[in-house]
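To keep things clear, I will list the structure first and then write my remarks on it.
The values are calculated or read from the model by the stated rules, or taken from the named source; none is laboratory data. Keep in mind the model is a prediction, meaning the values are calculated, not measured. Neighbour counts are summed over all protein chains in view; Cβ atoms, including those assigned to glycine, are modelled from backbone coordinates with ideal geometry.
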Amino acid sequence: MKTKRILAALLALLTLLTTACGGGGKINLGETKTEETIAAASDTAAETEDAAQGRSVLHPLKERPNYTLHEGATPEEMRQTAIRAMRDGLSVTWYPEKTTTYEYTSPNTGETIEFRLDAKKTYAGIPYSSSYTGLFHFLEYYDFETGKISVPRDDIFTTFIGNDCAGGALWGIASCVPSFEPSQVGFTRTSPNMVAVGPYTLPSKAEEPSSEKVCKMNGEQTMYESYACLKPADSVSAMGNPGIAGHYMMLLEDAHVERNPDGTINGKTSTITIQDQMRGHRTNSPLYVKEEEGETRIYSGKWGTKVSFEELWNNFYLPTTCKEFIGESPYILPSVSLDREVATVDDLAQARVTSQYLLCAFHIRLVDGSGKTAFSRSKVTDYSDMLSGVLKNYSMTSLGVSGAMLSRSSGLKGDFTLEIDCIDATGTTFEVTRLPVTLS
């Protein structure tokens, strides 16, 4: 997702929704100058070789995480879940099955950056790219035994795997906030529960001003008082500022506030602690390259970084949160269903899968009479699906499940059971259908 459009849409939405500091298994049916300053990341070409011995000590993720909470989950439980979900995306350990290069072009500055992922090296965290997908998309290509990421096509890291700074934070939020939903306008445009944090105000008319304009309109101390209201899993974002890209970061804990003798906030010593998705896979900076558990790991992002209020103000960051995180909207349990009764494969082809949370992947199988899987394939949702706003209302036609299409793609004939499962942003696997089919 393009960071500028994401955050511009969010700002337009926030003009209607400003608020003061807030309180509080299987189921059947863009970078800114701030980023460069804070990260102090080196973009030199030097890399640390981690040769074959690293494979024997690789510690991959052993199973798909699940972020489902319980009915009546508290705002604090939701906040910690969002932090954990983003953290998992920043720390999953892997290596590519073959050395791969791809390019990322900043939507705001036009800068094009080449990434080289070396099959001999161990990486941690989802790659930085314009794919704008989350951890569960990534895990569709992941070997849980070895940590290897398959690279079945050249555009895998530009279409299906990876996200940017906003993607890292927003997929974390999407793990427990169902109101988060992309649309054709922007990734947060249809997220009505996103609200501003603190006493700062926004322009009265529905426009998309830069965050610089908003900060200067409110003044330094008003923005400091707003930063002071930030809590875990809240976000800060810079957007729409000429000449620099946007950036988006998630908080790990309450803001630390220190005041001057006159009661004003000291911007130099008051800080927030954040985690964020960065471009660390292309640097040898010690911020990203770490010796852990007997191997050298190159991280894409980081967590635990302190950022002063002064830095936030100087780089025009706006604080935001979700109504769910301040107790104004309840937690909703994940669920999936078909929008109509289905008796035949032709009925199924006309149906849509509806979900409380964003859908990440579908698994399609044809099982023969002995219970053996005769054919299988997966469909991973992608950026075009996000822009179309269909990730909570997905057409079965897009999965190619008509009788004719299944016959063509599988090359099979005879009687089978069509099994379709899906995975949503909470990590829950749902059974969509088990349907007898005859292929000819």
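General observations
- Test set (1) more than 24 Å from Ala82 (Cβ to Cβ); (2) β-branched (Val, Ile, Thr); (3) modelled with pLDDT under 95 - Val197 fails condition number: (1)
- Within the range 402-432, considering residues that are in a loop (DSSP other than H, G, I, E, B) and over 24 Å from the mean Cα position of the chain (by Cα), the one modelled with the lowest pLDDT: Ser402
- With a requirement of 1 or more residues that are in the same structural domain as Thr273 (by TED's automatic domain parsing) and buried (at least 21 other Cβ atoms within 10 Å of the Cβ), the helices (runs of 4 or more DSSP H) lying completely within the range 306-400 that satisfy it span 309-314.
Conditions (1) of a type in the set (A, V, I, L, M, F, W, C); (2) closer than 26 Å to Tyr67 by Cβ, marked per residue:
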site	(1), (2)
Gly89	no, yes
Val92	yes, yes
Glu97	no, no
Thr100	no, no
Thr109	no, no
Ile113	yes, no
Ala119	yes, no
Ile126	yes, yes
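- Within the range 265-305, the set of residues being at pLDDT 90 or above, among the charged types (D, E, K, R) and not in a strand (DSSP E or B) comprises just one member, Lys268.
- Verdict on Gly110 being surrounded by fewer than 21 Cβ atoms within 10 Å (Cβ to Cβ), assigned by TED's automatic domain parsing to the domain that holds Gly172, on the phi > 0 side of the Ramachandran plot and not hydrophobic (A, V, I, L, M, F, W, C): yes
- Qualifying residue in the range 313-323 (condition: aliphatic (A, V, I, L, M) and either at pLDDT 95 or above or under 19 Å from Pro436 (Cα atoms) (or both)): no
- Unique match (being closer than 30 Å to Glu324 by Cβ and touching a Gly at 6+ places or on another chain (Cβ under 6 Å)) among Ser270, Ser235, Ser226: Ser226
- For the range 401-430, a tally of residues being under 20 Å from Gly369 (Cβ atoms) and either in the same structural domain as Thr68 (by TED's automatic domain parsing) or out of contact with any helix residue (DSSP H, G or I) (no Cβ under 9 Å at 6 or more places or on another chain) (or both) returns 7.
- Identity of the residue in the range 169-189, at pLDDT 90 or above and assigned to a loop (DSSP other than H, G, I, E, B), that ends up surrounded by the fewest Cβ atoms within 10 Å (Cβ to Cβ): Val177
- Residue tally, condition of a type in the set (Gly, Ala, Ser) and loosely packed, with under 14 Cβ neighbours inside 10 Å, over the range 254-305: 3
- Taking residues in the range 406-432 that are farther than 21 Å from Arg352 by Cβ, and partners anywhere that are part of a strand (DSSP E or B) and of a type in the set (S, T, N, Q), the pairs with Cβ atoms closer than 9 Å and at least 6 places apart or on different chains are Lys413/Thr438; Gly414/Thr438; Asp415/Thr438; Phe416/Thr438.
- When the range 140-163 is limited to residues that are in contact with a helix residue (DSSP H, G or I) (Cβ under 6 Å, 6 or more places away or on another chain) and in a loop (DSSP other than H, G, I, E, B), the one that is surrounded by the most Cβ atoms within 10 Å (Cβ to Cβ) turns out to be Ile161.
- Filter pass, Ser131 being modelled with pLDDT of 90 or more and in contact with a Gly (Cβ under 8 Å, 6 or more places away or on another chain): no
- For the range 151-172, filtered to residues that are of a type in the set (S, T, N, Q) and in contact with a strand residue (DSSP E or B) (Cβ under 8 Å, 6 or more places away or on another chain), the residue that is nearest to Tyr123 (Cα to Cα) is Asn163.
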